[in-house]
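The values are calculated or read from the model by the stated rules, or taken from the named source; none is laboratory data. Just so we're clear, the structure is a prediction, and the values are computed from it rather than from any experiment. All Cβ positions, glycine included, derive from the backbone under ideal geometry; neighbour counts span all protein chains shown.
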Amino acid sequence: MDLYEEYPAIQMRESEVLVLHDTVCTEDTFRLYLNDLPLAQVVASPDQLRELGTGFVVCEGLAQNVDEVQVSANDIRVYAKTNAEINYELRSSGCIGVRGMPSIVHSSLVIEKEDVFRIIQHIESEIWKKTGGVHCSVLFKDRELVVRSSDIGRHNTIDKVVGFAVLNHIDLSKCIIGCTGRQPAGMVSKVANAGIPIIISKAASTAAGILLADRSAVTLICFARGERFTVYTHPERILELQGNNLGKESSCPKSVR
């Protein structure tokens with residue numbers, strides 16, 4: 001299946017009517033198995049399926065590594081050593097997750113503010129330019145782009161970049177992830193379980209996402225747009241912010257979106 005297709009449409013611009021062919025992204029439903037046992041059904045863009053299956057298992061805290069991944073049609077089979085008890089939950093975004101407390105991230109990674117600006121410049125993909133219908137995540141290590149993934153689901157983009165790193169034996173504790181999507185608790189949990197110390201998002205977080213990032217020792221950076229960004233947790237991983245405490249006093253100014 002292609003990642004996008006063209007469909008006839010009618011577009012109105014004030015008093016002007018245009019008949020055109022619009023490019024839209026595709027989606028499909030994939031069945032995930034862990035050690036040949038049914039794990040989840042995931043609606044996703046039809047690419048990077050080995051990475052999707054691998055990343056899902058790691059980001060949900062079911063395994064730290066995988067032994068093998070097989071993709072046949074719409075079935076993704078992941079084989080890994082796991083002792084985790086699987087308790088499913090249906091998240092408000094419509095995705096399936098595995099209930100449980102995420103891992104605590106251990107990393108000595110420190111970046112500079114210019115690294116944040118550099119990364120957000122790469123959080124865009126060709127399929128988004130064509131369709132406007134996908135999220136995008138990027139993974140950086142040593143100031144270099146490791147992988148970029150696009151998908152109709154923001155959770156899937158996290159799974160895909162993490163899966164790529166796991167399959168290629170990349171140390172995630174030295175990586176930074178950049179995302180287009182919001183950062184509620186479910187997204188932060190995936191990143192923490194993968195052991196990634198820094199999240200950079202163009203969008204907002206939530207109260208639960210911020211609390212989870214704080215407890216999991218994840219540096220959560222949101223509203224990364226243009227020449228500004230907002231750090232909610234663990235600012236010590238930003239060189240220019242070391243020694244700065246997060247203000248909790250009522251006299252602190254309100255943020256500007």
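The table that follows gives values for the structure above.
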item	result
Among residues of the range 162-180, those that are more than 19 Å from residue 109 (Cα to Cα) and crowded, with 21+ Cβ neighbours inside 10 Å, counted	2
Residues satisfying the stated conditions in the range 179-227, i.e. farther than 26 Å from residue 54 by Cβ and either at pLDDT below 95 or touching a helix residue (DSSP H, G or I) at 6+ places or on another chain (Cβ under 6 Å) (or both)	208, 224, 225, 226, 227
Answer residue from the range 189-240, given it is hydroxyl-bearing (Ser, Thr, Tyr) and outside any strand (DSSP E or B) and is farthest from residue 143 (Cα to Cα) among those	206
Residue tally, condition farther than 19 Å from residue 159 by Cα and outside any strand (DSSP E or B), over the range 14-47	3
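Every residue, every condition in (1) among the polar types (S, T, N, Q); (2) at pLDDT below 95; (3) out of contact with any helix residue (DSSP H, G or I) (no Cβ under 9 Å at 6 or more places or on another chain), yes or no:
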residue	(1), (2), (3)
23	yes, no, no
35	yes, no, yes
45	yes, no, no
52	no, no, no
55	no, no, no
84	no, yes, yes
